[in-house]
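> I have a structure here, written as structure tokens, and I will follow up with some questions on it.
Each value in this text was obtained by applying a stated rule to the coordinates, not by laboratory testing. Since the structure is predicted, the reported quantities are computational estimates derived from the model, not experimental observations. Cβ: placed from backbone, ideal geometry, glycine included. Neighbour counts: every protein chain shown.
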Amino acid sequence: MEDLKKTPLNKAHRSLGGKMVDFGGWDMPVQYSGVIAEHLRTRNNVGLFDVSHMGEFWVEGADAIAFVDKLTTNDVTKLVDGQAHYSALTRVDGTVVDDLLVYRFDVDKLLLVVNAGTTEKDWDWITSHKADENITLTNASADYCQIAVQGKDAISIVQKLTDTKLDEIKYYHFTVGKVDGVDAIISRTGYTGEDGFEVYADAKFAEQLWNKFLEVGKYGEENGILPCGLAARNTLRLESAMSLYGHEISDEITPLEANLGWICKLNTEFLGRDALVKQKEKGLERKLVGFEMIDKGIARDGFDVFVEDEKVGFVTSGSPAPFLKKNIGLAFVPAKLAKVGQAIKIDVRGKHLAAEIVPTPFYKRQKQRIK
């Protein structure tokens with residue numbers, strides 16, 4: 001365990017009784033009070049997540065927008081100050097290097113937030129594509145803590161610690177302000193399917209902010225805030241049918257196959273665009289679908305998918321859905337079979353168990369009016 005990377009909240013996790021695991025080289029809590037309890041508290045009230053293992057890269061200079069626009073699938077030129085969007089880094093063949101968030105602070109200042117397990121790979125990829133652009137690239141991943149407060153009670157909890165009017169921040173927008181007196185980026189984003197905020201601050205203030213969120217969120221009370229581990233984060237994102245790198249997207253999968261065509265602006269020029277245009281024109285051979293188990297059993301990542309006795313695909317993510325009280329999953333199947341109501345079978349330890357393709361997302365929160 002000594003050679004694992006640690007977030008600035010490592011001691012806090014251990015003091016709360018977090019069950020620690022090796023997650024892509026990071027010593028991270030997989031759960032505290034239990035996956036189901038953490039999942040349901042986030043859905044019904046509020047959950048607290050340490051996301052400090054994510055990577056942060058600054059792109060600054062006159063060519064910042066043009067540079068990021070040539071490497072990512074979404075249209076960076078359409079962002080305005082204080083807005084973020086979801087995007088992907090793609091190779092020339094259209095496959096995915098990583099998915100990421102792009103934050104626009106100013107016309108010459110962007111922040112890229114990438115996955116923890118791919119931070120070094122992403123940094124090498126991005127820096128290798130710098131030509132003569134007037135930009136400065138900074139890997140600031142070790143400088144920040146990132147804490148996510150997710151759920152319908154998130155806004156009232158975070159509001160207790162800041163003068164920033166949180167109800168004025170639209171979804172996928174952000175601002176710079178103070179949280180508990182600490183300079184922070186306050187972003188209305190998340191990976192749970194719920195409303196909430198991700199707060200970025202200097203890593204040295206991580207424990208202060210974490211403990212303050214627990215305090216004002218009334219940790220320990222019946223409907224109070226609960227610290228949540230990686231397991232609940234995964235089941236929450238799966239219920240919301242959000243992609244996970246290495247599962248729904250990878251160096252062998254394109255965004256179009258993974259139902260992420262909406263982040264691929266094919267009328268712009270970016271690395272991999274031509275391959276994606278060709279793939280779209282030719283027609284997809286496989287598509288990502290959601291399924292629900294009919295027979296009793298849990299489909300896990302990598303299990304084979306069958307139609308009758310023919311192997312047709314594989315599960316990318318699968319688990320029980322604590323809120324929906326069903327066993328669900330995502331899988332790749334041939335495009336001709338990718339229709340709601342299609343009967344499939346999942347090979348679960350040698351038994352072919354019945355399942356059915358269903359609409360996604362499996363779970364969709366009732367949106368509150370955001371001013």
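> Starting at the first residue of the stretch 347-354, write each ³J(HN,Hα) from the Karplus equation 6.51 cos²θ - 1.76 cosθ + 1.60 with θ = phi - 60°, in whole Hz, x for Gly and Pro.
The phi angles translate into 7, 10, 6, x, 9, 8, 9, 6 Hz.
> Per residue of the stretch 94-109, what does 6.51 cos²θ - 1.76 cosθ + 1.60 with θ = phi - 60° give for ³J(HN,Hα)? Whole Hz please, x for Gly and Pro, Karplus curve as stated.
x, 6, 9, 6, 5, 9, 7, 10, 10, 9, 9, 8, 7, 4, 10, 8
> Round to the nearest 0.05 the FRET efficiency obtained for LYS5 and THR138 when R0 = 25 Å and r is the Cβ-Cβ distance.
Efficiency, rounded to the nearest 0.05: 0.85.
> In whole Å, largest first, what are the principal axis extents of the Cα atoms in the stretch 55-127?
Each principal axis gives a Cα extent; for the stretch 55-127 these are 28, 22, 19 Å.
> Here's another thing I want to ask about it. Could you please report the charge total around ALA203, scoring K, R as +1 and D, E as -1 over all other residues with beta-carbon less than 14 angstrom from its beta-carbon?
Within the 14 Å Cβ shell, the charges total -2.
> If you put +1 on each Lys and Arg Cβ and -1 on each Asp and Glu Cβ, how big is the dipole of the stretch 55-127 around its Cα centre, in Debye rounded to 20?
For the stretch 55-127, the charge dipole is close to 140 debye.
> Please list, or write none, the aspartates and glutamates whose alpha carbon is within less than 12 Å of the alpha carbon of LYS325, excluding same-chain residues fewer than 8 places away.
GLU239, GLU292
> When Lys and Arg each count +1 and Asp and Glu each count -1, what net charge do the other residues less than 12 Å away from VAL107, Cβ to Cβ, add up to? Could you put the intermediate results ahead of the total?
On the way: positive: ARG104, LYS109; negative: GLU60, ASP63, ASP81, ASP106, ASP108.
The answer is -3.
> For the chain, what is the charge dipole size about the Cα centre, in debye to the nearest 20, if Lys and Arg each add +1 at the Cβ and Asp and Glu each add -1 at the Cβ?
Result for the chain is approximately 1380 debye, rounded to the nearest 20.
> Follow-up question, since we're still on this one. Order 94-103, 22-31, 133-142 from most to least packed using the mean count of other Cβ atoms within 10 Å.
Result, highest mean first: 94-103, 22-31, 133-142.
> Same structure again: Specify whether the C-alpha gyration tensor of the chain places it in the rounded, prolate or oblate class, a ≥ b ≥ c being the square roots of the eigenvalues: rounded for a/c under 1.5, otherwise prolate if a/b is larger than b/c and oblate if not.
It comes out oblate by the Cα gyration axes.
> Is it possible to state the helix-based mean residue ellipticity at 222 nm for the chain, with each DSSP H run of 4+ residues giving -39500 (n - 2.57), the sum divided by total residues, to the nearest 500 deg cm²/dmol? What is it?
That comes out to -5500 deg cm²/dmol.
> For the stretch 199-232, list residues with backbone N below 18 Å from a point placed 7 Å from the Cα of ASP183 toward its Cβ?
199-209
> I need the helices of the chain that pass two filters: whole DSSP H segments spanning 18 Å or more by Cα along the axis, and mean Kyte-Doolittle score no lower than 0.0.
Qualifying helices: none.
> Another question, if that's okay. Given Cβ point charges of +1 (Lys, Arg) and -1 (Asp, Glu) and nothing else, what value in debye, to the nearest 20, does the dipole of the stretch 285-358 about its Cα centre take? Mind dumping the intermediate values first?
Working: 12 positive and 10 negative charges, 44 e Å.
Dipole about the Cα centre, nearest 20: 200 debye.
> Taking the Cα-to-Cβ direction at ASP304 and at SER15 and moving 7 Å from each Cα, how far apart do the two end points lie in nm?
For ASP304 paired with SER15, the spin-label model returns 5.1 nm.
> For the chain, build the charge dipole from Cβ charges (+1 Lys, Arg; -1 Asp, Glu) around the Cα centre, then report which of VAL340, ASN10, THR72 sits farthest towards its positive end.
In the chain, that residue is VAL340.
> Once you sort the root eigenvalues of the Cα gyration tensor of the stretch 1-126 as a ≥ b ≥ c, which label holds: rounded (a/c under 1.5), prolate (a/b larger than b/c) or oblate (the other case)?
Prolate.
> Hey, quick one: spin label on THR164, modelled 7 Å out along Cα-Cβ, who in the stretch 37-59 has an amide N within reach, i.e. under 19 Å?
47-59
> Could you tell me what fraction of 2.2 N^0.38 Å the Cα radius of gyration of the stretch 285-358 comes to, as a two-decimal ratio?
The reported ratio for this selection is 0.96.
> While we're looking at this one, here's another question. Report, in listed order, any pair from LYS5/LYS204; LYS152/LYS212; LYS280/LYS311 with a Cα-Cα distance greater than 21 Å.
LYS280/LYS311
> While we're here: Could you grab the Rg to Rh ratio for the stretch 96-148? Cα atoms only, Kirkwood for Rh.
Checking Rg against Rh, the ratio lands at 0.95.
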